[in-house]
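S.K.: Just passing along the structure, written as structure tokens.
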Amino acid sequence: MTASPKFSKKGHRWGYNKEDGTYYGRDKRSWAKISLFYMVFYGMLAALVAICMWVFFQTLDPRIPKWQMEGSIIGTNPGLGFRPMPTDDNAESTLIWFEGSNKTNYVKWVDNLMGYLDKYYTPGKTEKGTASIRRCSYTHPPQRGQVCDFDVRLWEECSPDKFFNYHRNAPCIFLKLNRIYGWIPQFYNDPNDLPEEMPDQLKQHIRSVKPEERDTIWISCEGENPADIEYLGPIRYFPKVQGFPGYYYPFENTEGYLSPLVAVQFERPLAGIVINIECKAWAKNVKHSRADRTGSVHFELLID
Amino acid sequence: MGKKYSKPKDQHRSSFNPDDTLEGETINITPRHSPVQDGRSTASRPLYPKSKSKAFHFRRASKKATAKTMDIYRQEISTNDHKLSLEELEFKYRTSLTEGLPRELAARMLVKYGRNELEAVATRSMFLVFLNYMFGGFAAILWGSLALSVIAFSINYTIHPDQLDEMYLSIVLFVILVGTGVFGFIQEYKNSKLIDSFKKMVPKTATVIRGGVLSNVSVEEIVPGDLIRLEGGDVVPADLRIIESHSLKVDNSSITGESEPQTRCVNATDDNPLETGNLAFFSTNVIEGGGKGIVIATGQATLIGHIATLTSGLAPESTPMKQEVKRFIKFITIYAICVSSLVTILGLSMGKEGFEMFIYFIGLLVANIPEALLVTITACLTLMAKRMSNKNCMVRNMHAVETLGQTNVICSDKTGTLTQNRMTVSHMYYDNNIFDVLSPTYVNGTTYNYLYLCRCAILCSRATFKEAQRTIPVMQRAVLGDASETAVLKCMELLTRNTKKTRKEFPKIFEIPFNSANKYQLSIHKRPNDDYLLLVLKGAPERVIDRCSSVMIEEHELPLLDSERKRLVNILMELGYMGERVLAFADLKLPSEYTADYEFSDMINFPVTGLRFVGFMSLIDPPRPGVREAVAKCKRAGISVVMVTGDHPVTAMSIARKVGIISPENDTVQDIAKRRKISVSQVIPQEVQACKACVIPGYDMRKMTAGELDEIVQRYEELVFARTSPQQKLQIVEAYQKTGKIVAVTGDGVNDSPALKKADIGIAMGICGSDVSKDAADLVLLDDNFASIVMGIEEGRIIYDNLKKSIAYILTSNIPEVVPFVIYLMLGTPRIITVIAVLILDVGTDLWPGISLAYEPAESDIMDRPPRDPKFDNLVGMKLILFCYLNIGTLQTFGSLASYFFTMAEYGFLWDRLINIQDEWYSESNAIYDSYNVEWTHEDRMTLERMGVSAYFLALVVTQISDCLISKTRRLSLAQHGFTNGVMIKGLLFEVLLSAFVVYCPYINVKLGFHPVNCYVVMCPVLPFAVLIFIYDEIRKYIIRQNPDGWFYRNTYY
């Protein structure tokens, strides 16, 4: 060895040294050697990581989650969500605050909604057309491997053409239930066996629905306090059957699957005041927890 | 501090002048030995020029201010009071030899000179020490992190009162900081009682004559000039000039280390105040007799005051270990701040939020700092200290243990340390031959010559065994009598087994005890059946031979001719040259007119000439068993052993040869002179130059300049300093330190304490050492045995090696702690590790295994290699850091990341989904889909995140176990080294249990940000990596062993 690395021995002699031609205590040959070592070392390490991960991922099915239902973290109680999402600059807020008279303002909310609803208006776009999509009904549930489309016309008033009625200060809010692999809802399909705490409006609605259409996860929205109820005014639900049709369940990660959505329109909410709204999904195996935000969802509405 | 030092200046005895001191204020002190002292005060070794912090410089500077005053104390005390006549003394101190000081003057003097007590010299305030432990080292940066974390918490709390992450972090940080701070302080606190033991030595009251009246005066009120009366059992209350002595004997052992009582007289016997017989020193004990003395110095001005001031004022050299650690802390701190800032700035430039990056910065900082490192080092040293205490080596300063491992030079006392401190008959001369009695092959003589010698030795003695000791081995029996008589008696009992019977057979009729005028001792005995009286005599050889006219050789009595006399003198020289004290024995059958009824008297009314010479016995304080081997071991380990003794050069050299301090092949000038039969000064300079060994007496050293001493210290491989004074001992230590040596010094007397304090390692003697010396020392040898020092050195070297292992183990985990933060920032994944998890790793799980590495046995015979050179072999070198960070740390990171990503994948988030998921992940959105399009609420995502963190944490623990195993050895394969370290098993078990506890214990785990996770899922991906770490390191060590100078050695051996 002509030149020995003096890394620790002369640790303070940094930089280029003219006398023995070393950079940071090593000459070129020594640098080459140590670089080669670490290249080989890390190269082999990377290969090992790759092999390791490949082997382990062989144990996972690409379409079926390993942990389902009770075994999984999310469990069996689906979360309820709403759209539009309050914007990024106020990430943790649940306040929907818009001005119906200010186009640039409400268009933001409309765009926000459309960003989410896009796949409903152009089905199959995301799934590259390989999905087997069909129209389903309560009497014609999908076969295995098939997915149901969603008829956006059922949302009626709540359409992008009408700016989801934000410009008329009668905004549509979309509700959806989180997808849980393999989850089968237990419907409240017996009008005589409805829970106490279910709002009367919903109870009446269930009784008015055709028996075959009662296999539905029902949705109800209310102002949280009597004052909120008063300020909120009348509420309309689209589609007409007030909830998520049962034939969309269970979710099995089939390609092209679209979650059913319910559009809730607040027809005449009072402007200039924050209204607290709570929406709930109703099925026998949906429990309402505000802390976990499962089964129910809370948001505020403020119209300027 | 300056103020305190200025006081003794006024009191300094060398220029005492009552007129000046009572009326004028200023006294000019001129150091008497100034040429010798030059430059000594600034004798700091520039070993670590780069490691000195600014604070360090500042302290040095302030010390310089007092260096001058310190110099005064460095000189040997100088006074002329012992040479003054009594009248001059009386005049100088304005006192009366009969009446003492007038009361009124005594009161004025007390005001002038202050109380006669030792002052505590300003020591470091304990509060400052506490602050240093609280805020020094890594603590500073951690306090910074704590402050940042509190700020982060308070900002965050106003927005999200339910988010308490930063609060928990602050609490954990605070607990760690206070815990480690208090731990270190407690260790230090035990170390701070030096001056107290000086105070303990001070007597309470003394008998003083003032104005002719005898009274008991509190010792603090004694002033120069006071007339003191001393009695047996008193403690000398100040430095005294003796003016009246009735066989006054004092025990100076606490000052000079000499254990024999010293007779005090009125007249000066030596120029040197320490050697003269008419001074008695503050705090020494009066053994017997009585007398009077005039106080010549009180308080700080006394000899012991000098030593106390010198000892407390001397800064012990910062231990190499402390310097290394300081250097390392600096490196890590700068590194941590740089890396954290750099990544944070990068994050900000990538458009991350300020507050988020703020918290992130704290995390990086904490992850980059090995919080538990200092605690681990302290714990390792404490454990080692405990282990050494079990081997008769009490450690007073933990850091000293490691310093001991680097020692290049041991300056050892002779008496008691190298030798047994027990006079023993080593040679006997009879039958024309010198016999080595101590040799295991010695066979008893059978001739009349031998029998007469024994008879003479048994009879001519005042020493007797104490009663009831039949069962005790002879050497351990207690004897009434002085050291040499004891030695002879024990030797005789061993050889003849019938001293008692012989004495009974020859009842003693008369005796004259030894006195310094005659230099012999004789006794007259009568055997009942004999018709003559037997006179036996022993004494100084020349005197005895002069009195002899015949000599016993083998069976016959022959006339003592001149030729025979010459031969005896040669024998004498030979024994003397061995450094032994020779006693000559002679006997005589008294003529028949002397019967048992004859009135023998001290006036010597009987013949004491014309004796029959029967033989010599020579005595020596023999080396302790095992010392020779220990010295040889030291030499093998590259440590020079230097003898520094107050004994005669010849004796010193003889012992030095016996124990191997001077090796047989090396000649000293004295050897050459002896061989050539010329005087030392006649040896030609070339030969002097060639000598590798040298004996330097104190009187020669006094003539040397500091530079000459440094030269000598560097030139000779084997050195013996004889006849040295305490101050010279200090000079020797400093001379060695100036040449960059790490010096261990042994000592037992008060006078040794400055040298002990100054040395890198001061070693005091547990049995014969004074309390003061023990307090000044870093180590106390409980058995006074030199061999224990060598054991200590061995332990010190082991601990150094093991500390390296501990540090390697602890440092390695920094990389897997830091990388997740970088990935989080660069790849936008959820959190992979949390700050609290990092802290639990650093201060929790890693702690015990890290400490357990201190229990590792040595890998090879560490006493076969030279002491480490602090310039090249650092505790934490670049090689160690690179190896830990780039090799093992990287392997750990990959293994732990594999576990993390696999766990996340198991629950639905494949790695590609995790990349850049951050914005969605932390949003309020209640429906973030995973790789299976399942939607996750915010709550569920946070749970999953905690599981991911738990997985990473557990995986890291697994790789740390692997790391701990590979850290056990630096060179050997684990198969060769074995797994005998029981503490490590406990430590690893603790690591596993603690990590399982924090992850799986309900409630606790939520608070700490963990969530139970499937163990199997964690282990599967990481185990191959843990095994890989092990295999990789075994291969690396194999290559190092096969190729001891190869690339791997040079680049990865730490």
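Please treat every number below as a calculation from the coordinates, not as lab data. Note that this is a predicted model, so its numbers are computed, not measured. Backbone-built Cβ (ideal geometry, glycine too); neighbour counts: all protein chains shown.
S.K.: Can you work out D for region B:474-522 in µm² s⁻¹ from Stokes-Einstein, where Rh is the Kirkwood radius over C-alpha pairs, the temperature is 20 °C and the viscosity is 1.002 mPa s?
M.R.: Rounded to a whole number, D works out at 174 µm²/s.
S.K.: Here is a follow-up. Could you give the nm distance between label points at A:TYR121 and B:VAL569, where each point is 7 Å from its Cα heading toward the beta carbon?
M.R.: 13.2 nm
S.K.: Just A:ALA47, A:ALA227, A:ALA263 to compare: in a GNM of chain A, with alpha carbon springs under 10 Å, which one fluctuates most?
M.R.: Fluctuation is largest for A:ALA47.
S.K.: For B:ALA722, enumerate residues with amide H under 5 Å from its amide H, sequence gap 5+ or separate chain, H modeled in the peptide plane.
M.R.: Those lying under 5 Å, H to H, from B:ALA722 are B:THR645, B:ILE696, B:GLY698.
S.K.: If you line up the long axis of helix B:126-135 against the longest principal axis of chain B, both from Cα atoms, how many degrees apart are they, to the nearest 10?
M.R.: 30 degrees
S.K.: Of the peptides B:969-976, B:744-751, how do they stack up when ordered by the mean number of other Cβ atoms within 10 Å, highest first?
M.R.: Going from most to least packed, we get B:744-751, B:969-976.
S.K.: Multiply the residue separation of B:CYS265 and B:ILE1031 by 0.36 nm, subtract the distance between their alpha-carbon atoms, and state the gained length in nm to one decimal.
M.R.: Result: 267.9 nm gained on full extension.
S.K.: Set the bar at 31 Å for Cα to Cα. Now go through B:LYS538/B:LYS674; B:LYS322/B:LYS1007; B:LYS692/B:LYS757; B:LYS326/B:LYS757; B:LYS83/B:LYS738 and name every pair that lies beyond it.
M.R.: In this structure, B:LYS322/B:LYS1007; B:LYS83/B:LYS738 lie more than 31 Å apart at Cα.
S.K.: Would you mind pulling out the separation of the Cα centroids of region A:23-59 and region B:944-961, in Å?
M.R.: Comparing the Cα centres of region A:23-59 and region B:944-961, I get a distance of 24 Å.
S.K.: In whole Å, what three semi-axes, largest first, describe the equivalent ellipsoid of region B:883-958 built from its Cα gyration tensor (square root of 5 times each eigenvalue)?
M.R.: They are 27, 11, 11 Å, listed from largest to smallest.
S.K.: Residues with amide H under 5 Å of B:ILE296's amide H, sequence separation 5 or more or different chain, H placed in the peptide plane at 1.01 Å from N; which?
M.R.: Answer set, sorted by chain and number: B:GLY225, B:ASP239, B:LEU240, B:ARG241.
S.K.: At a Förster distance of 25 Å, what's the computed FRET efficiency of B:GLU231 paired with B:ASP771, Cβ-Cβ distance as r, to 0.05?
M.R.: 0.55
S.K.: Here's a follow-up. Looking at region B:610-685, which trypsin sites (Lys or Arg not before Pro) are in a loop (DSSP not H, G, I, E or B) and have at most 11 other Cβ atoms within 10 Å?
M.R.: Loop-located and lightly packed - B:LYS677.
S.K.: Also, quick follow-up: For A:MET69 and A:LYS284 in the same chain, what is the full-extension length gain: residue separation times 0.36 nm, less their Cα-Cα distance, in nm?
M.R.: 75.8 nm
S.K.: When N counts the residues of region A:160-295, how does its alpha-carbon radius of gyration compare numerically with 2.2 N^0.38 Å, as a ratio?
M.R.: Computed over Cα atoms of region A:160-295, the ratio equals 1.09.
S.K.: Of A:ASN178, A:TYR138, A:SER220, which is farthest along the charge dipole of chain A in the positive direction, counting Lys and Arg as +1 and Asp and Glu as -1 at C-beta?
M.R.: A:ASN178
S.K.: With a cut-off of 8 Å between alpha carbons and a minimum separation of six or more residues, what is the relative contact order of chain B in percent?
M.R.: 11 percent
S.K.: How high is the FRET efficiency between A:VAL274 and B:TYR1000 when r is their beta carbon distance and R₀ equals 51 Å, given to the nearest 0.05?
M.R.: Working from the Cβ atoms, E equals 0.75.
S.K.: Which whole-angstrom value gives the distance between the alpha carbon centres of region B:560-600 and region A:200-233?
M.R.: Their Cα centres are 132 Å away from one another.
S.K.: Moving on to the next point. Compute the orientation-averaged projected area for region B:947-1005 from the convex hull of its Cα atoms and round it to one decimal in nm².
M.R.: 4.5 nm²
S.K.: Would you mind giving the mean number of other chain beta-carbons within 10 Å of the Cβ of each residue in B:916-928, as a whole number?
M.R.: 4
S.K.: Hey, another quick one. Inside 10 Å of the C-beta atoms of B:1019-1026, what's the mean count of C-beta atoms belonging to other chains?
M.R.: Mean shielding by partner chains, rounded to a whole number: 2.
S.K.: Please average, across the residues of B:886-898, the number of beta carbons from any other chain that are within 10 Å of each residue's own beta carbon, and give a whole number.
M.R.: Other-chain Cβ atoms within 10 Å of each residue's Cβ, averaged: 3.
S.K.: Calculate, axis by axis, the spread of Cα positions in the protein assembly as shown along the three principal axes, and write the results as whole Å, longest axis first.
M.R.: Taking the Cα atoms of the protein assembly as shown, the three principal extents are 157, 74, 69 Å.
S.K.: Taking Cα atoms, how many degrees apart are the long axis of helix B:649-659 and the longest axis of chain B, rounded to 10 and kept between 0 and 90?
M.R.: Here the helix axis deviates by roughly 50 degrees.
S.K.: Here is a further query. Let a ≥ b ≥ c be the square roots of the eigenvalues of the Cα gyration tensor of chain B; is it rounded (a/c under 1.5), or, if not, prolate (a/b larger than b/c) or oblate?
M.R.: prolate
S.K.: Would you be so kind as to identify which of B:THR724, B:VAL401, B:ILE362 lies farthest towards the positive end of the dipole of the protein assembly as shown, taking Lys and Arg as +1 and Asp and Glu as -1 on Cβ and the Cα centre as origin?
M.R.: Most positive-ward Cα: B:THR724.
S.K.: Would you please put B:831-842, B:864-875, B:582-593, B:162-173 in order of how densely packed they are, using the mean number of other Cβ atoms within 10 angstrom per residue and starting with the highest?
M.R.: In descending order of packing, they fall as B:831-842, B:582-593, B:162-173, B:864-875.
S.K.: Among B:GLY747, B:VAL772, B:LEU709, which residue has its Cα positioned farthest towards the positive end of the charge dipole of region B:683-785, with +1 placed on the Cβ of Lys and Arg, -1 on the Cβ of Asp and Glu, and the dipole taken about the Cα centre?
M.R.: The residue sitting farthest along the positive end of the dipole is B:LEU709.
S.K.: Can you give the relative contact order of region B:518-581 as a percent, counting alpha carbon pairs under 8 Å and 6+ residues apart?
M.R.: 20 percent
S.K.: Decide, for region B:240-392, between rounded, prolate and oblate: order the square roots of the alpha carbon gyration tensor eigenvalues as a ≥ b ≥ c, take rounded if a/c falls under 1.5, and otherwise choose prolate if a/b is larger than b/c, else oblate.
M.R.: Verdict is prolate for region B:240-392.
S.K.: Assigning unit charges at the beta carbon (Lys, Arg +1; Asp, Glu -1) and nothing else, what dipole magnitude in debye, to the nearest 20, does region A:164-304 show about its Cα centre?
M.R.: 280 debye
S.K.: Same structure, new question: With the calculation restricted to Cα positions, what are the radius of gyration and Dmax of region B:708-810 in angstrom?
M.R.: For region B:708-810, the Cα radius of gyration and maximum Cα-Cα distance read 15.3, 51 Å.
S.K.: Exposed loop sites here are GluC sites (Glu not before Pro) in DSSP loop states with at most 11 other C-beta atoms within 10 Å. What is the longest stretch of chain A lacking them?
M.R.: Of all site-free stretches, the longest is A:198-304.
S.K.: Just to confirm the number: angle between the C-alpha axis of helix B:303-313 and the first principal axis of chain B, 0 to 90 degrees, nearest 10?
M.R.: Here the helix axis deviates by roughly 20 degrees.
S.K.: Same structure, new question: Tell me, what HN-Hα J-couplings in whole Hz come from the Karplus equation 6.51 cos²θ - 1.76 cosθ + 1.60 at θ = phi - 60° for each residue of region B:320-325, using x for Gly and Pro?
M.R.: Karplus-based 3J(HN,Hα) across region B:320-325 equals x, 4, 4, 5, 4, 5 Hz.
S.K.: State, as an integer percentage, the relative contact order of region B:558-702 based on alpha-carbon contacts under 8 Å between residues 6 or more apart.
M.R.: So the answer I get is 21 percent.
S.K.: How do B:LEU730, B:LEU756 line up, fewest other C-beta atoms within 10 Å first?
M.R.: The fewest-first ordering by Cβ neighbours comes to B:LEU730, B:LEU756.
S.K.: Rounded to the nearest 0.05, what FRET efficiency do A:SER101 and A:ASP61 give with R0 = 45 Å and r taken as the Cβ-Cβ distance? Could you check?
M.R.: 0.30
S.K.: Can you compute the modelled spin-label distance between A:ASP304 and B:GLU687, with each label point 7 Å from Cα toward Cβ, in nm?
M.R.: Result: 11.1 nm between the two label points.
S.K.: Can you give me the three principal axis dimensions of region B:948-1054 from its C-alpha atoms, in Å, biggest first?
M.R.: Between the extreme Cα coordinates on each principal axis of region B:948-1054 lie 54, 27, 21 Å.
S.K.: How many nm separate the modelled label positions at A:ASN225 and B:LYS330, each set 7 Å beyond the Cα in the direction of the Cβ?
M.R.: Using points 7 Å along Cα→Cβ, the separation is 6.4 nm.
S.K.: Within 10 Å of each residue's Cβ, count the other Cβ atoms and sort B:SER154, A:SER296 from fewest upward.
M.R.: B:SER154, A:SER296
S.K.: Here's another thing I want to ask about it. Could you order the peptides B:572-578, B:802-808 from most to least packed, using the average number of other C-beta atoms within 10 Å per residue?
M.R.: Those peptides, ordered most packed to least, come out B:802-808, B:572-578.
S.K.: Here is a further query. Excluding B:ASN278 itself, what net charge comes from residues whose Cβ is under 11 Å from its Cβ, given Lys and Arg +1 and Asp and Glu -1?
M.R.: Once positives and negatives cancel, what remains is -1.
S.K.: If the label point is 7 Å along Cα→Cβ of B:PHE872, which residues in region B:1000-1041 have backbone nitrogen under 20 Å from it?
M.R.: Counting only backbone N, you get B:1040-1041.
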